[in-house]
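These notes concern the structure reproduced below.
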Amino acid sequence: MPDECVFCRIAQRQLPVELLYEDAEFVAFNDANPMAPVHVLVIPKTHFASLLDAADSGLVGRGLLAVTETARSLKLDASGFRVVVNCGADGGQTVPHLHFHLMGGRYMQWPPG
Ligand code: AMP
Ligand code: ZN
């Protein structure tokens, strides 16, 4: 776990962030700069810099299940939601710890910017 990784620090409960979901491998919390009425980040507790480093496809699949569990708990299952994984520079990734954006509460435009 890189000491300087803010998402590792959140996952290790070293920062006072309210968790919306937690299981053995993942936690979810509100994005600090929300782009939708609901904008939650779901992250693995283990550090992976990006989707490219998450060679364990099982972990990625379980991450998506954690996202859907979180979406259900936030009552987004009826209205729908979007899941985004930004990867690398052109993908717009700014925090180098794998995370799933769960966004909802409004109609999500397509294509994204
Ligand atoms: P990305 O651009 O895909 O890497 O997304 C990083 C996201 O993390 C952005 O939406 C930021 O608003 C969010 N973010 C950065 N630092 C924090 C933090 N300490 N707590 C919550 N969200 C954060
Ligand atoms: Zn990390």
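The values are calculated or read from the model by the stated rules, or taken from the named source; none is laboratory data. In this text the structure is predicted, and so the values were computed from the model without any measurement. Don't worry about glycine lacking a Cβ; one is built from the backbone with ideal geometry, like all the others, and counts go over all protein chains shown.
Would you confirm whether any residue within region 1-16 is surrounded by fewer than 18 Cβ atoms within 10 Å (Cβ to Cβ), touching a strand residue (DSSP E or B) at 6+ places or on another chain (Cβ under 8 Å) and without any contact (Cβ under 8 Å) to a residue 60 or more places away in the chain?
Scanning region 1-16 turns up no residue that is surrounded by fewer than 18 Cβ atoms within 10 Å (Cβ to Cβ), touching a strand residue (DSSP E or B) at 6+ places or on another chain (Cβ under 8 Å) and without any contact (Cβ under 8 Å) to a residue 60 or more places away in the chain.
Please go through (1) among the basic types (Lys, Arg); (2) closer than 16 Å to Gly104 by Cβ; (3) within 16 Å of ligand 2 (Cβ to nearest atom) for Arg72 and return the number of the only condition it doesn't satisfy.
If we test Arg72 against (1) among the basic types (Lys, Arg); (2) closer than 16 Å to Gly104 by Cβ; (3) within 16 Å of ligand 2 (Cβ to nearest atom), just (3) comes out false.
So which residues in region 81-111 are in a loop (DSSP other than H, G, I, E, B) and loosely packed, with under 11 Cβ neighbours inside 10 Å? Step through it out loud before you land on a result.
To start, the set of residues in region 81-111 that are in a loop (DSSP other than H, G, I, E, B) comprises 85-87, 92-99, 105-111.
Across region 81-111, the qualifying residues are Thr94, Tyr107, Gln109, Trp110, Pro111.
(1) assigned to a loop (DSSP other than H, G, I, E, B); (2) under 12 Å from the mean Cα position of the chain (by Cα); (3) without any contact (Cβ under 8 Å) to a residue 60 or more places away in the chain: which one isn't true of Val67, the others all being true?
Evaluating Val67 over (1) assigned to a loop (DSSP other than H, G, I, E, B); (2) under 12 Å from the mean Cα position of the chain (by Cα); (3) without any contact (Cβ under 8 Å) to a residue 60 or more places away in the chain leaves (1) as the failure.
In region 1-53, which residue that is in contact with a Ser or Thr (Cβ under 9 Å, 6 or more places away or on another chain), part of a loop (DSSP other than H, G, I, E, B) and within 16 Å of ligand 2 (Cβ to nearest atom) is modelled with the lowest pLDDT?
Among those that are in contact with a Ser or Thr (Cβ under 9 Å, 6 or more places away or on another chain), part of a loop (DSSP other than H, G, I, E, B) and within 16 Å of ligand 2 (Cβ to nearest atom), it is Met1.
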